[in-house]
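The values are calculated or read from the model by the stated rules, or taken from the named source; none is laboratory data. If you're wondering where the values come from, they're calculated on a predicted model, not measured in any experiment. Note that we place each Cβ from the backbone using ideal geometry, even for glycine, and neighbour counts take in every protein chain shown. Surface accessibility is based on the protein's heavy atoms, side chains included, excluding ligands, DNA and RNA. Shrake-Rupley method; radii C 1.70, N 1.55, O 1.52, S 1.80 Å.
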Amino acid sequence: MKIQNNGFLSLEQLQDQYLNRNTRIQKPALPNDGLSFQDILSQKTGKPETGEVKFSKHAANRLVDRNIELTSEQVERLNLGTAKAGAKGINESLVIVDSLAFIVNVPNQTVITAMDQTEADENVFTNIDGAVII
């Protein structure tokens, strides 16, 4: 084999590199900081894995418009209600916490809208397939 010192590979070196099936090219390991695939996927998609619900833009606006302020205990109960709905296979759930009603997309763990008891028209909720009262 002829080795060249000009920075370019010879034909023999290229043949050895690309046609020799016994030689495996080592790919550099990517640093993952000890994270699992699920952790990395959750970070990239923004989907919480911890069981905490997030609020859609619409739901966040409704909370502000209706002067609804959630305590940490109420948010914890909302998370618990969403988890219970998920365990039962519910996709779109009404979760009632105290006098507050939340429509939650359970697979995405996202609150779609929020209201208090005085603003629920005739206490009729549509497009849900289950309800959890916490």
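Summary of computed values
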{"quantity": "Expected-Rg normalisation [2.2 N^0.38 Å, Cα atoms] applied to the range 49-134", "calculated": "0.97"}
{"quantity": "Interchain or long-range residues, amide H under 5 Å from Val106's placed H", "calculated": "Glu92, Ser93"}
{"quantity": "Positive minus negative residues near Thr71 (Lys, Arg vs Asp, Glu; Cβ under 10 Å)", "calculated": "-3"}
{"quantity": "Percent carbon-and-sulfur accessible area, the range 66-127, ignoring ligands, DNA and RNA, probe 1.4 Å", "calculated": "47 percent"}
